[in-house]
Amino acid sequence: MLSRRQKPRSSQSNGEGACSPLITFLPQSPLLCANPRSNPNPSRSSAKGRRSGARRWRWITTLLRSCTSTRSTKPSSDDEIDSMKGLFKSKPRTPADVVRQTRELLVFVDLNGNVSSAKRDEKMVELSKNIREMKSILYGSGDAEPVAEACSQLTQEFFRENTFRLLIICLPKLSLETRKDATQVVANLQRQQVHSRLIASEYLEANKDLLDILVLGYEDMDIALFYGSMLRECIRHQSIARYVLESEHMKKFFDYIQLPNFDIASDASATFKELMTRHKATVADFLTKNYDWFFPEFNQRLLSSTNYITRRQAIKLLGDVLLDRSNSVVMMRYVSSKDNLMILMNLLRETSKNIQMEAFHVFKLFVANRNKPPEIVTILVTNKSKILRLLDGFKPDKEDPQFEADKEQVISEISALNS
């Protein structure tokens, strides 16, 4: 029980903002406790009661103010939740973290690829998000440019372990959009330098069997275009292009280029062209060593193909290869063959003007050769009138002074030939 002079304890003393029942803080009053009939002096008791009531009212008012003030400063429930979120908020993932998690998910997909379950579906969604995030780091997102340090971290972690291998192996199990993202990630990583080193090239040199997987991907319609795109990016590295050129896979390209699926055949043709033109010294060495099987196959399978697109792409590629200075030795050998000349003369008679024009640029090399073998001269002389008549009617769609000059020179050379 409290005495009259004892002050009420504030509810804040126990660390709580709520007020305790008021009766706890009220002093004992004669008005409340005394029996009026036992009081010998009612007037005195009345006066004391009034004073006690006034003091009691002041304490109640003060107490209420204290409670109101305490409630007004208490944070709202939303504020408290936000504050707690701030305390337990997870740190943002680094690029290396993204790659590591992607690797773990790829391992799961590789081991559980054929199992249909809710957990697998959840992992596949998470994997797609991770690959998309890697693409955003490497290419930037929106108006934000890629950060060099982030790209460097991602590249190092990607090639530190077998993330690349896992991505290639698991690609057939990914969704279409995720395959596209993965292909873009692989393409970008081939160009990333870390301390002036192409880590992708070093990794591929130690894992050349991955190139076998990519080349053979042309035999699977579902993944052919994705593997083909990755392959073209990988052969940007000279050592990797040399490996593919010198492998048995080169002979497979003559089949892939003529596949019935137009998109896959065109993609294989693009990869074949990249192999034959990007690294000039490597290509010259390859053609020198493999001339005896390569050009007969090229002539028979591509230049003599029944497919118009195949013939057109092949004759264009042949001109690009032979007219390159690094292939001068190979060119001289090619234009010294009567079999090659006969094929080119047939292409000059094509109804397609595009093929005719490309064939002319190769045919002129036979005529310009100062050391023509006798068999070449014999063929040119025997067909002189037909050739001159054909060349006279050659007219490009657009005015081309260089072509006109070359045509006049060829006509002059053939006219001067004697039997």
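The values are calculated or read from the model by the stated rules, or taken from the named source; none is laboratory data. Keep in mind that this is a model prediction, so the values were computed, not measured. All Cβ positions, glycine included, derive from the backbone under ideal geometry; neighbour counts span all protein chains shown. Surface areas here come from the heavy atoms of the whole protein model, side chains and all, with no ligands, DNA or RNA. Shrake-Rupley method; radii C 1.70, N 1.55, O 1.52, S 1.80 Å.
On the beta carbon distance between Asp255 and Asp397, with R0 = 41 Å, the FRET formula returns roughly 0.75. Between Leu417 and Asp263, the FRET efficiency estimated from the beta carbon spacing at R0 = 56 angstrom works out to 0.75. Think of a 1.4 Å ball rolled over the protein heavy atoms: the stretch 309-419 then has 55 Å² of accessible area per residue.
Scaled to the compact-protein estimate 2.2 N^0.38 Å, what is the alpha-carbon radius of gyration of the stretch 367-419, rounded to two decimal places?
For the stretch 367-419, the normalised Cα radius of gyration comes out at 1.21.
Pairs exceeding a 23 Å alpha-carbon distance, out of Lys338/Lys386; Lys280/Lys338; Lys353/Lys386; Lys252/Lys353; Lys280/Lys398; Lys252/Lys316: Lys280/Lys338; Lys252/Lys353; Lys280/Lys398.
Among 367-375, 122-130, how do they line up by average Cβ neighbours within 10 Å per residue, starting with the highest?
Going from most to least packed, we get 122-130, 367-375.
With a 1.4 Å probe and all protein chains left in place, how much of the accessible area of the stretch 199-274 comes from carbon and sulfur atoms, in whole percent? Using a 1.4 Å probe with all protein chains present, the stretch 199-274 comes out at 48 percent carbon and sulfur. The listed peptides 295-308, 92-105, ordered by packing as a protection proxy, come out as 92-105, 295-308 (highest mean of other Cβ atoms within 10 Å first). Applying the Karplus relation 6.51 cos²θ - 1.76 cosθ + 1.60 with θ = phi - 60° to the stretch 150-163 yields 3J(HN,Hα) values of 5, 5, 5, 4, 4, 4, 4, 5, 4, 9, 5, 10, 8, 4 Hz, where x marks Gly and Pro. Can you bin the stretch 156-270 into rounded, prolate or oblate? Criterion: square roots of the alpha carbon gyration tensor eigenvalues sorted a ≥ b ≥ c, rounded for a/c under 1.5, prolate for a/b above b/c, oblate for the rest. The shape class here is oblate. In a fully extended conformation the segment linking Ala96 and Thr351 would gain 86.0 nm over its present Cα-Cα distance, using 0.36 nm per residue.
Each residue, Trp293 and Ser239, gets one label point 7 Å from its Cα in the Cβ direction; the gap between the two is 2.5 nm.
With charges set only on the Cβ (+1 for Lys and Arg, -1 for Asp and Glu), what does the dipole of the stretch 267-357 come to about its Cα centre, in debye to the nearest 20?
The dipole magnitude comes to about 220 debye.
Is the shape of the stretch 215-258 best called rounded, prolate or oblate, per the rule: a/c under 1.5 gives rounded, else a/b larger than b/c gives prolate, else oblate, with a ≥ b ≥ c the square roots of the Cα gyration tensor eigenvalues? The shape class here is oblate. From the alpha carbon centroid of the stretch 137-160 to that of the stretch 297-341 is 42 Å. For Leu216 and Met332, the FRET efficiency from 1/(1 + (r/R0)^6), where r spans their Cβ atoms and R0 equals 51 Å, is about 0.90.
Looking only at Cα atoms, what is the convex hull volume of the stretch 289-419 per residue, in Å³?
110
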